[in-house]
1. For the range A:154-229, state which trypsin sites (Lys or Arg not before Pro) are in a DSSP loop and have at most 13 other beta carbons lying within 10 Å of their beta carbon.
2. Classify the range B:441-496 as rounded, prolate or oblate, taking a ≥ b ≥ c as the square roots of the eigenvalues of its Cα gyration tensor: rounded when a/c is under 1.5, otherwise prolate if a/b is larger than b/c and oblate if not.
3. Largest first and to the nearest Å, give the Cα extent of chain A along each principal axis.
4. Only residues of the range A:74-106 count here: report those whose backbone N is under 12 Å from the spot 7 Å along Cα→Cβ of A:Ala296, or say none.
5. Please give the charge dipole size of the range A:63-170, origin at the Cα centre, charges +1 on K and R Cβ atoms and -1 on D and E Cβ atoms. Round to the nearest 20 debye.
6. Report, to the nearest 10°, how far helix A:260-273 tilts away from the longest principal axis of the Cα atoms in chain A, using its own Cα long axis and a range of 0 to 90°.
7. When the helix-only estimate is applied to chain B (DSSP H runs of n ≥ 4, each -39,500 (n - 2.57), divided by the residue count), what is the mean residue ellipticity at 222 nm, nearest 500 deg cm²/dmol?
8. I need B:Cys486, B:Cys24 ordered by Cβ neighbour count within 10 Å, fewest first.
Amino acid sequence: MTDRITRRMTLAAGAALIAAPAGAQDFPTRPITLVIPFSPAGGSDLTARALVKAAEPILGQPITVVNRPAGGGAQAMQEVARAAPDGYTLVNSTAILTAIAPNMRDVPYNSATDFTPIMTYGAFNTFIAVRADSQYQTLQELLDFAKANPRVVTVGVSVIGASSHLGMARLAQDRGAQVSFVPFGGGAPAVTALLGRHITSVVVSGEVLPHVASGQVRLLATLMGERVPSLPNVPSIRELGFDWSMNSWLGIAGPANMPQPVVKRLQDAFLQASNDANFKRVMDEIAVAELRNDAAGAARIMAEDIRSFEALIKELKLGRYAAR
Amino acid sequence: MMESLIGLGQGFGIALSFGNLLWCLLGVALGTAVGVLPGLGPTATISLLLPITFRLDATSSLIMLSGIYYGAMYGGSITSILVKIPGEASSIVTCIDGHEMARRGRAGPALGISAFGSFIAGVVATLGVALAGPAVADVALAFGPAEYTALVVLGLVLVTQIGEGPRIRALLMAALGLWGSTVGLDPIEGTTRFTFGVLELQDGLDIAVLAMGLFGVAEVLTLAAAKEGSTQMVDSPRGLRALLPDRADWRASSGPIARGSVLGFALGLLPGGGALISSFASYVMERRLAKDPSRFGQGAIEGVAGPETANNAAAQASFVPLLSLGIPSNVVMGVMIGALMIQGIAPGPMLATERPELFWGVIASMLIGNLMLLVLNVPLLPVFVALLRVPQRILAPLILLFCVVGAYSLQNSAFDVMMVAIFGVVGFLLRLVRLDPAPFMLAFVLGELLEKSIRQSLLIGLGSPMILVEKPISAALFALAALVLCWPALRWIQIRIMGGRRTT
């Protein structure tokens, strides 16, 4: 009995050994599906579509893009987690759904064990901004005022639990300041409220840039580790004396247990695609910074962020750790 | 003023080029089509077409995208009138009297007046955008959370004035609508509410799903339950001439169209719920002004002309904040900003001076597009009306089919199809007990805005509700809401005092 099982397993393992390299050499032999867990025309959608377009000729197969925003994107993540790990079903993975969402609410997937990271290509640029006529010239001045006058400074963000909110909350906490967060459901309405003098500041992404160009808004800092090449006057929070940065990254992942050669093939193809001129132009236009990592690098960032966001959200007593 | 006229002239030069005329036509035709199809709205369409526009020049792509947007406003009224399925939220009110007119064999005048009314509103509002645009754009900025709270409260007070029968029924449905809007993620804390562990419910209920269920599927179920022939509509006359609004229709509609244009333009300047509120504000206003308010709900043409004019004027006016300030009024506008940013253009105060050909070209194209919509829609009136002659045993399954396809297309999820079925049954039961789903739908849409803005106001005001009455605009809107609410009581007191005087 035991013998038979062992023999069968050995046979199966042997077959897999022979089959895997052969399959990977031909991979891909049919169209690939990329699931985007967000609505069309958002930052994640636009960049992923541009990347896919550049990757198609490299892989020699069409890539079908499907938007599945249901359940805040959690449904799409669950679907890919359960798909066959053959490389034909991929997901546009993000820090938001991988590292943040599982700490904010119950999700039907396990970020750490359900996915195979393939690569990352970018990170949302997130800025702290005030009106150009505001009294605050630097982030330090804003945080100093917020420390001396608890809760008076209002900060517009898209949603509570977004990396913009978490980043600003950590900045305030590091300096012992207290600010009031006002979620607007999106970056654009938050910027509108800033322009209309209804709030003191915003922490948002590319939505704010047109108003910076027109001279109505001043950027105090970016939450990323380095300055943005197109905005050389905006300091990163690292330069301002904080020993951390926040990269809300974007990448490609598949279900857990994908064959190594398939992962390598996809990683190489998508990394090569991320040099495409049109892809870079789209990234520039919507203010997504380049953040290129191979599969190993993506796995490292993912593991790090799952840990650090959990710690941060616990510390801030938000989402699942909120006092009830 | 002179500058605007010169600019507009320049804009016509651009919009009248062969290529741009074609894009404009494509946009408005697509817009009408998606407005007619339930579920498929302008947002989804524009998002799907976005990749195509990357290859177009910026002016042409914006001409086409905006054509889809205001074209959908025309299309939305067609299904409201013919089969009582609102194509979008701002056509919900049109269902009330528009469909009643169709049932009485007056589908032609109803469709005609909404096409002509929309055209007039489109022209008036576009001229408003051109002449007064930048000057009135700051209104959009003056409205913060406190002001929106007051506006939505006023809107809710108006909702309770809609629908026939006792007020208590409208109030009950509006209250249920407010409750329905709380399903999903809490807008502030992000925690789940009323989701019963169902993942898909975290997104909240979808307005298109509700509309297709409560109106479309419920209508089909009502037809199925009714006796053969008892629900047959009065046949409409054939031939274009007999279908157009007659002189009496025009006399009744001219006031509502004029008032609807102004009201729609003013409310359309406000990002958020402006267009929706303008449609039922117009309805309530016309009923108050009518000599015989009891005709409303029984197929009054004013109840179609006013709201349809107002929602189209509002759709045009919402381009003011977009073009003058770079502020998107709604999701559709947000996608359009995305389209412009991909082209390296940042909409904002500098747009008119930096890219005059884009600014004025788009405005001129709206005048042309509205004319195209009129020319497209009026000759098609007999075709639309002929739809009513399709036997119900064929029409009803078709409506179901479109609802299923439309629901699935929302986010490629079978869950939405199931929700349409559930709300179809709910809508059917509501009809049995003669509860009107319109106040439910309107309160549902306003509820989301209300909760968000009231809680934003409290966060900004450090927990004190005083912020709601300290701001002048918001205080004025609250006063207006109180006046509307107390009007019957004030009238009663007035009559009592007047009556009292007479006897002494």
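Read-outs throughout are calculated quantities, based only on the coordinates presented, and are distinct from any laboratory measurement. Nothing here was measured: the structure is a model prediction, and the numbers come from that model. Cβ coordinates were reconstructed from backbone atoms using ideal geometry, including for glycine residues, and neighbour counts include every protein chain displayed.
1. Details: sites: A:Arg170, A:Arg175, A:Arg197, A:Arg218, A:Arg227; in loops: A:Arg175, A:Arg197, A:Arg227.
Passing both the DSSP loop test and the Cβ count: A:Arg197.
2. oblate
3. 76, 46, 33
4. none
5. Details: 7 positive and 7 negative charges, 42 e Å.
Here the size comes out at about 200 debye.
6. For helix A:260-273, the angle is close to 40 degrees.
7. Details: 24 runs with 361 residues, N = 504.
Only helices count here, giving -23500 deg cm²/dmol.
8. Working: B:Cys486 12, B:Cys24 26.
Ordered by Cβ neighbours within 10 Å, fewest first: B:Cys486, B:Cys24.
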